[in-house]
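Report on the following structure.
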Amino acid sequence: MKNRYKEEYSFKITVVGGEPTNCRNGHEVGDTYTCQYGCPEGFCSKSMAKLFPLMEAVRSGGDLSNLLSGASKHGGEFHCPDCVVKFKLEAFPNPDSETLETISTN
């Protein structure tokens with residue numbers, strides 16, 4: 001598979017709490033996943049369904065503080081759909097991609 005698009009953001013997802021012993025996917029506190037667009041290998045598909053709209057919000061210039069209590073513009077915590085694992089999402093701009101802001105100033 002070829003990646004034909006330079007993603008503007010990279011994402012880091014870390015398991016930070018909850019009751020991971022009840023997690024069907026086997027997540028444990030401290031587990032960390034990274035991705036740019038798709039589901040990171042080993043990450044829970046049910047949690048990805050909740051995570052993907054947050055990633056899209058960041059990509060489109062949104063502010064996670066409008067979506068998650070206590071969040072910053074590019075980071076925040078959320079629970080999995082089963083409410084047994086708590087994740088921390090962090091978004092980092094990719095320096096080698098053209099962002100919408102860069103395109104609009106040229």
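The values are calculated or read from the model by the stated rules, or taken from the named source; none is laboratory data. These numbers were taken from a predicted model, which means no experiment stands behind them. With ideal geometry, Cβ positions are generated from the backbone for all residues, glycine too; neighbour counts draw on all protein chains shown.
Could you tell me whether Phe52 is outside any loop (DSSP other than H, G, I, E, B) and without any contact (Cβ under 8 Å) to a residue 40 or more places away in the chain?
So Phe52 passes the test.
Just to be sure I understand, how many residues within region 19-42 are among the hydroxyl-bearing types (Ser, Thr, Tyr) and either assigned to a loop (DSSP other than H, G, I, E, B) or touching a residue at least 60 places away in the same chain (Cβ under 8 Å) (or both)?
Total meeting the criteria: 1.
What residue, among those in region 12-60 that are out of contact with any Ser or Thr (no Cβ under 9 Å at 6 or more places or on another chain) and basic (Lys, Arg), is nearest to Gly75 (Cα to Cα)?
Arg59
Taking region 18-76 on its own, how many of its residues are under 16 Å from Glu90 (Cβ atoms), among the small types (Gly, Ala, Ser) and surrounded by 11 or more Cβ atoms within 10 Å (Cβ to Cβ)?
8
Here is a list: Glu56, Glu90. Which entry is of a type in the set (D, E, K, R) and more than 12 Å from Lys12 (Cβ to Cβ)?
Glu56
How about region 85-95: which of its residues are at pLDDT 95 or above and either more than 13 Å from the chain's Cα centre (by Cα) or among the charged types (D, E, K, R) (or both)?
Val85, Lys86, Lys88, Glu90
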